[in-house]
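**Student:** Take this structure, written in structure tokens, and hold onto it; I'll ask about it next.
The values are calculated or read from the model by the stated rules, or taken from the named source; none is laboratory data. This is a predicted model, so every value here is computed, not measured. Cβ placement follows ideal geometry from the backbone for every residue including glycine, while neighbour counts extend to all protein chains displayed.
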């Protein structure tokens with residue numbers, strides 16, 4: 001074999017390299033075309049298709065959507081069945097790719113944009129705050145219709161990965177914190193009744209669900225309790241309510257009607273039993 005031939009073979013590609021490169025190029029082309037098709041579809045498919053993605057029985061759902069899947073606004077409804085009500089401000093969302101593919105969600109009650117990104121086994125939701133009127137509690141259980149709650153609810157959550165089984169966190173890890181600030185009720189002239197905190201954590205048992213813990217931060221009306229909430233919507237909560245020991249006799253009398261509405265008295269301290277099942 002001549003020296004030039006040896007040089008050409010030494011520097012030539014192996015027989016299979018060209019075929020492998022060709023297959024990789026074709027695969028990349030197919031993926032690029034599929035991605036382009038999805039982007040084009042998102043720009044023309046109606047936003048109302050997103051309504052079908054919300055699970056049945058979800059506490060928050062879309063009841064109206066305008067625009068395309070790429071960029072749209074929708075009306076939100078909170079609660080279930082006859083308790084459901086629509087929010088006055090629309091929700092907006094838009095797909096974006098700067099810094100990675102994501103959906104940016106905005107609403108007047110959010111502290112800032114909510115970013116939703118793809119993640120391994122689900123989607124990653126950015127930490128954010130949400131401020132809503134306490135009157136929305138009436139969408140959760142009929143007992144709140146009687147109370148006619150007043151004040152503000154401040155919801156706060158960390159970055160979360162949501163998979164098929166719901167938000168992922170270590171057992172006992174806090175998923176959501178809800179603070180009821182300057183709480184009030186039409187059943188009592190005391191303003192405010194207090195400030196309260198509900199902590200929502202991943203349930204420690206084998207079944208999917210969430211553990212609830214209610215505590216009082218300040219105020220003459222003391223609330224305390226714990227419960228569970230399942231993805232199917234089943235709520236079990238047990239707790240107590242009572243007038244703070246430092247409250248004046250007049251304040252105690254003013255709280256009595258509210259406490260009697262919440263439930264029966266129990267125990268030597270006369271605390272009111274809180275029991276909610278749904």
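**Student:** Considering segment 192-215 alone, what residues qualify as being more than 21 Å from the chain's Cα centre (by Cα), part of a loop (DSSP other than H, G, I, E, B) and touching a residue at least 12 places away in the same chain (Cβ under 8 Å)?
**Tutor:** If the condition is that a residue be more than 21 Å from the chain's Cα centre (by Cα), part of a loop (DSSP other than H, G, I, E, B) and touching a residue at least 12 places away in the same chain (Cβ under 8 Å), then 192, 193 are the ones that fit.
**Student:** Can you tell which of 156, 128 is within 13 Å of the chain's Cα centre (by Cα) and over 21 Å from residue 218 (Cα atoms)? Show your work before the answer.
**Tutor:** Numbers: 156 fails: over 21 Å from residue 218 (Cα atoms).
Only one candidate qualifies: 128.
Table: residues versus (1) at pLDDT 90 or above; (2) farther than 25 Å from residue 195 by Cβ.
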residue	(1), (2)
88	no, yes
91	yes, yes
96	no, yes
99	no, yes
106	yes, yes
119	no, yes
122	no, yes
134	yes, no
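**Student:** What number of residues in segment 249-278 are closer than 18 Å to residue 187 by Cα, in a loop (DSSP other than H, G, I, E, B) and more than 34 Å from the chain's Cα centre (by Cα)? Write out each step before concluding.
**Tutor:** From segment 249-278, those closer than 18 Å to residue 187 by Cα are 249-265, 271-274; that's our starting set.
Then keep just the ones that are in a loop (DSSP other than H, G, I, E, B); that gives 263-264.
Remaining after also requiring more than 34 Å from the chain's Cα centre (by Cα): none.
Residues that pass the stated criteria total 0.
**Student:** Every residue in segment 97-118 that is in a strand (DSSP E or B) and surrounded by 14 or more Cβ atoms within 10 Å (Cβ to Cβ), please.
**Tutor:** Scanning segment 97-118 gives 102, 103, 104, 105, 106, 110, 114, 115, 116, 117.
**Student:** Within segment 174-188, is there a residue that is under 25 Å from residue 66 (Cβ atoms), surrounded by fewer than 17 Cβ atoms within 10 Å (Cβ to Cβ) and touching a residue at least 24 places away in the same chain (Cβ under 8 Å)? So that I can check it myself, show each step before the final result.
**Tutor:** Of all residues in segment 174-188, those under 25 Å from residue 66 (Cβ atoms) come to none.
No.
**Student:** With respect to residue 83, is the statement that it is touching a residue at least 12 places away in the same chain (Cβ under 8 Å) and either more than 15 Å from residue 60 (Cα to Cα) or in contact with a strand residue (DSSP E or B) (Cβ under 6 Å, 6 or more places away or on another chain) (or both) true? First the steps, then the outcome.
**Tutor:** Details: touching a residue at least 12 places away in the same chain (Cβ under 8 Å): yes; either more than 15 Å from residue 60 (Cα to Cα) or in contact with a strand residue (DSSP E or B) (Cβ under 6 Å, 6 or more places away or on another chain) (or both): no.
So residue 83 fails the test.
**Student:** Restricting to segment 142-153, what's the tally of residues that are buried (at least 16 other Cβ atoms within 10 Å of the Cβ) and within 18 Å of the chain's Cα centre (by Cα)?
**Tutor:** Count: 1.
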